[in-house]
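For reference, the structure is listed below as structure tokens.
A short reminder: the numbers here are calculations on the coordinates, not readings from a lab. Source: prediction; values computed, not measured. So basically every Cβ, Gly included, is an ideal-geometry build from the backbone, and we count neighbours across all protein chains shown.
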Amino acid sequence: MPPLPAASWLVPGRGPYGLMLTGILLLLLYGLGSWPGAASQMGQTFGSDKLLHALFYGTLAVVQQLTWSRHHLALTLLVVGVSGAVDEAIQSLFPYRSASWDDWFTNMAAALCVSVVFWLWRKRTARD
């Protein structure tokens, strides 16, 4: 049976693991984010809700950059954008949480920064 066309977009060998890691990270995010008091406690530990968002979604962007063999920027921003929107939608369902566009923009800014660093790194290593 021939592979699905999208499979050619994955980095051979590590792409499927990147997708699994993405799923695990998102399940942790959505689960811990729904747990009463967990998000506020983590925000206090890291000193800022925005820093926590930037760290998590920056990490998610690193995983995406290492997963996709083509269209790194578009796929990374798509995954982070949709994941962040789902996270904010889930937060809006709980009385002890609130959704915020600022959080979503922080997620996207972190993903964009990580993507630019990876683009510069790839450009530099391709030259060497």
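So what is the relative contact order for the chain, in percent, with contacts set as C-alpha pairs under 8 Å and at least six apart? Let's see the in-between values first.
Working: 118 pairs, mean separation 37.9, N = 128.
Dividing the mean separation by the residue count of the chain yields 30 percent.
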For labels at W121 and W35 in the simple 7 Å Cα→Cβ model, what's the distance in nm?
-> 2.9 nm
Short version: ³J(HN,Hα) in whole Hz for each residue of the stretch 94-101, in order, from phi by Karplus 6.51 cos²θ - 1.76 cosθ + 1.60 (θ = phi - 60°), x for Gly and Pro, what are they?
-> 9, x, 8, 10, 9, 7, 8, 5
Roughly what angle does helix 72-92 make with the longest principal axis of the chain, taking Cα atoms, 0 to 90 degrees, to the nearest 10?
-> 20 degrees
Could you put Y30, Y57 in order, starting from the residue whose Cβ has the fewest other Cβ atoms within 10 Å?
-> Y30, Y57
Trypsin sites (Lys or Arg not before Pro) within the stretch 41-128: which are DSSP loop residues with at most 12 other Cβ atoms inside 10 Å?
-> R70
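Using only alpha carbons, build the gyration tensor for the stretch 72-128 and give me the equivalent ellipsoid semi-axes, biggest first, whole Å. Walk me through the numbers on the way to the answer.
Values: eigenvalues 199, 18, 7 Å².
In descending order the semi-axes read 32, 9, 6 Å.
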Roughly how big is the chain's charge dipole about its Cα centre, with Cβ charges of +1 (Lys, Arg) and -1 (Asp, Glu), in debye to the nearest 20?
-> 560 debye
Just add up the charged neighbours of H53: K/R +1, D/E -1, any other residue whose Cβ is under 14 Å from the Cβ of H53.
-> -3
Just going by the charge dipole of the chain, with Lys and Arg at +1 and Asp and Glu at -1 on Cβ, which of L52, Q91, W119 is farthest out on the positive end?
-> W119
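Would you calculate, for the chain, the mean residue ellipticity at 222 nm contributed by helices, counting each DSSP H stretch of 4 or more residues as -39,500 (n - 2.57) and dividing by all residues, to the nearest 500?
For the chain, the value works out to -25500 deg cm²/dmol.
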Taking N as the number of residues in the chain, the ratio of its alpha carbon radius of gyration to 2.2 N^0.38 Å works out to 1.15
Pairwise centroid distance, computed over Cα atoms, of the stretch 82-125 with the stretch 9-65, Å | 10 Å
Would you mind working out the magnitude of the charge dipole of the stretch 72-128 relative to its Cα centre, with +1 at each Lys and Arg C-beta and -1 at each Asp and Glu C-beta, to the nearest 20 Debye?
-> 400 debye
